[in-house]
Amino acid sequence: MKPEMSEPVRKRRVWLGFIVLFVLINPWYFASDAGATRLMGIPLWALMVLGVSLALSIFITWTINTQWQTDSDERYGGGKGRGDGHDSDGARRDEEG
Amino acid sequence: MEVELAFSGWSGIFVLALYGILMLGVGLFAFLRNRGMRESLDEYYLGGRGLGVMVLFFTFFATQYSGNTVIGYPPTAYRMGYQYLVSVPFFIMIIMVYLFFAPRLYALGRRFSLLTPVDWIELRFRSKKVSILAAILMLYGLANYLLEQFVAIGQGVSGLTGGTIPYQVGVIFFIIIMVAYSWLGGMRSVAYTDTIQGLALLFGVFTLLIGSLYYFGGLPSAAEYMQASAPEKLNPPDSAGLMRWFSLLVLVGIGAAIYPHAVQRIFSAKSEATLKRSFIRMAYMPFLTAGVVFMVGIIGIAAFPGLSTADSEQLVGMMANALANQNAFFYWAMVLLFGGVIAAIVSTADSVLLTFSSIISNDLYGRYIKPDASEYQKVLAGKLIGLVAVVILIVIAWYPPATLYQIFVLKFEVLIQVAPALILGLYWTRLNTRAVFIGMLAGAVMAGVFTLMGYRPLGIYSGLWGLLLNTAICVIGTLMAGVDAAGREHARKVIGFRYD
């Protein structure tokens, strides 16, 4: 049976989220003199960009936690104690053959 | 990034020597704990595919953030003001780009015991031509990347020690240390030292920020100064600035994610959960690193007004000098900061060298020159040829050739040409092998020629033009020629998954 996989690249909601956040991270939607409005010395538009950047980090966290799942560790085992490289070469030939 | 630090002479030498001894100790520790490691490619180049969350995270961190982030970014923020805020999201973009190929590449790495990015290309296309071309492009790009790090180490050391240690001695000292600990412990040494180097760098930039805020005034006074003298530094970018902002996001995101040493780290994760947790941490690091050095640059605008472009390159050195004169705490913190900067350059160089050697060991020597060699011999071949390459690069760093110097500048431009084979190959069973080969070759030649001629149509980076041509040839060639039944069957077998 083929290995199982759930991956972000095949999820429409992931693409949608990334596109919306990417569009908002580019500061095209501010007035050219927006630097005059500041909060604690930081222009408001810059705070907005930082806010969207943080939203992107949070969205990445959500995507990794919920949209990415494979059975590769269960099927092929974790890294440690897999034996030496010769064994893995053998395993690879089996897979390819 | 030549920074002269008047405050630091012998204390700089002391910190560097201490740092060198520490790195060697880490190498020895990794060696003693994992005897027999040199016998196997998996053990030497991937740390036995057993890197845990913390170490994996710091080794990703070290490949993305180098000394240049600390020394080079504040001057850029100084000159561009808030328009350089893009440096925070572009580091997040790298993780976003990873999510489009890392899950699948990790699964395939486990299943087929992949060791290097070229290993994957060989498995997918079963073509000697494609594999060798990909290997050559990667080796070439990595070698130039390494050369750049060597030059930066020399300049950093001579700057930190106020010229007490000459450029050449600094380069030789750190290269010997780096090669020694890499040989002793392979990927484990590299990853453990990355952890120490990353912590030193983080401590340094935070002290620099705190000191700057305390002694030079905060962001409000910087903003008032900008409002009066250069209000454009406070405003959002104009249309040309937006184009630059956009292309930086795209280029850095794609470029940094597909660096061969970055891709190879995916294979060394202990488990999928480990890889995921490391990526999640990486997604927040831009605020703590790029964001912090950006603020330092902004504070510099008011603290050191009116610097020319050339003078502004020395900004971090000037701020560190001024802070070091305040008291003993800041004096030593600044010495540690510059030690951390050099550490960060060394930690980038060691990752690059290890990946370079692994491609020699596994993809050239092990696959084509002597396929029946034992793993021990393959590792040895990688180490020795890596060492020869290092010696040649040192000679080049010493005596830069007067003409054709630009062929040593090409890095990213050629490395990125492997991306279509690497990424399209993960998803497209019909992808035509010959189209991949021609695309990769044409893209690399175009990027190289454009760079050498200094040609940048529409202001777009030469590497991106090469990538466009490359991708177009891959796609159009595949649509026209298709793939034979056996090729498709093989591709289905390799990249076929059940989806939920």
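The values are calculated or read from the model by the stated rules, or taken from the named source; none is laboratory data. A quick note: this is a predicted structure, and the numbers were derived from the prediction, not measured. Cβ coordinates were reconstructed from backbone atoms using ideal geometry, including for glycine residues, and neighbour counts include every protein chain displayed.
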For region B:103-119, state whether one or more residues are in contact (Cβ under 8 Å) with a residue 60 or more places away in the chain, in a helix (DSSP H, G or I) and among the β-branched types (Val, Ile, Thr). yes
Give region B:430-464 a look and list any residue that's touching a Lys or Arg at 6+ places or on another chain (Cβ under 8 Å) and farther than 19 Å from B:Lys128 by Cα, or say none. B:Phe450, B:Ser462
If the requirement is being within 17 Å of B:Ile392 (Cα to Cα) and surrounded by 17 or more Cβ atoms within 10 Å (Cβ to Cβ), which of these qualifies: B:Gln197, B:Gln155, B:Gln149? B:Gln149
Meets criteria (in contact (Cβ under 8 Å) with a residue 24 or more places away in the chain, closer than 24 Å to B:Leu199 by Cα and in contact with a His (Cβ under 6 Å, 6 or more places away or on another chain)) for B:Val316: no
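Filter the helices (runs of 4 or more DSSP H) completely within region B:382-500 down to those with at least 2 residues that are in the same structural domain as B:Ile360 (by TED's automatic domain parsing). Outline the logic, then answer.
Details: elements: B:412-415, B:433-453, B:462-481, B:485-495.
It comes to none.
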Checking B:Met295 against (1) at pLDDT below 90; (2) in a helix (DSSP H, G or I), only one condition comes out false. Which one? (1)
Suppose we filter region B:301-327 for residues that are in a helix (DSSP H, G or I), more than 27 Å from the chain's Cα centre (by Cα) and small (Gly, Ala, Ser); how many remain? 4
Just a yes or no: is a residue in region A:42-50 within 8 Å of chain B (Cβ to nearest Cβ) and in contact (Cβ under 8 Å) with a residue 24 or more places away in the chain? yes
Looking at (1) under 17 Å from the mean Cα position of the chain (by Cα); (2) free of Cβ contacts under 8 Å to residues at least 60 places away in the same chain, which is the one condition that is false for B:Ala17? (1)
Region A:1-15, residues that are assigned to a helix (DSSP H, G or I), within 13 Å of the chain's Cα centre (by Cα), more than 7 Å from chain B (Cβ to nearest Cβ) and surrounded by fewer than 18 Cβ atoms within 10 Å (Cβ to Cβ): A:Arg13, A:Trp15
Answer from B:Val118, B:Val53 - the residue that is assigned by TED's automatic domain parsing to the domain that holds B:Phe356, more than 27 Å from A:Trp45 (Cβ to Cβ) and either surrounded by fewer than 24 Cβ atoms within 10 Å (Cβ to Cβ) or touching a His at 6+ places or on another chain (Cβ under 6 Å) (or both): B:Val53
Quick one: what pairs do we get from region A:17-35, first residue under 23 Å from B:Asp238 (Cβ atoms), second basic (Lys, Arg) and in a helix (DSSP H, G or I), C-beta under 9 Å, 6+ apart or different chains? A:Gly35/B:Lys233
Mind listing whichever residues of region B:257-277 are of a type in the set (Gly, Ala, Ser), touching a helix residue (DSSP H, G or I) at 6+ places or on another chain (Cβ under 7 Å) and at the interface with another protein chain (Cβ under 10 Å from one of its Cβ atoms)? B:Ser268, B:Ala269, B:Ser271
Among the numbered conditions (1) in a loop (DSSP other than H, G, I, E, B); (2) in contact with a Phe, Trp or Tyr (Cβ under 6 Å, 6 or more places away or on another chain), tell me where B:Arg35 comes up short. (2)
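Here is a list: B:Ser113, B:Ser158. Which entry is out of contact with any Pro (no Cβ under 8 Å at 6 or more places or on another chain) and not aliphatic (A, V, I, L, M)?
B:Ser113
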Does B:Thr59 qualify as being of a type in the set (S, T, N, Q), under 19 Å from B:Leu202 (Cβ atoms) and more than 10 Å from chain A (Cβ to nearest Cβ)? yes
Take B:Leu133 and tell me if it is under 17 Å from the mean Cα position of the chain (by Cα), modelled with pLDDT of 90 or more and either within 30 Å of B:Leu441 (Cα to Cα) or not in a helix (DSSP H, G or I) (or both). no
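Every residue, every condition in (1) within 20 Å of the chain's Cα centre (by Cα); (2) modelled with pLDDT of 85 or more; (3) within 14 Å of chain A (Cβ to nearest Cβ), yes or no:
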| position | (1), (2), (3) |
| --- | --- |
| B:Met54 | yes, yes, no |
| B:Gln64 | yes, no, no |
| B:Thr69 | yes, no, no |
| B:Thr76 | yes, yes, no |
| B:Arg79 | no, yes, no |
Among residues belonging to region B:398-427 that are at pLDDT 80 or above and of a type in the set (Gly, Ala, Ser), point out the one that is surrounded by the most Cβ atoms within 10 Å (Cβ to Cβ). B:Ala421
Extreme residue, farthest from the other protein chains (Cβ to nearest Cβ), among residues of region B:442-460 that are in contact (Cβ under 8 Å) with a residue 40 or more places away in the chain and surrounded by fewer than 20 Cβ atoms within 10 Å (Cβ to Cβ): B:Leu452
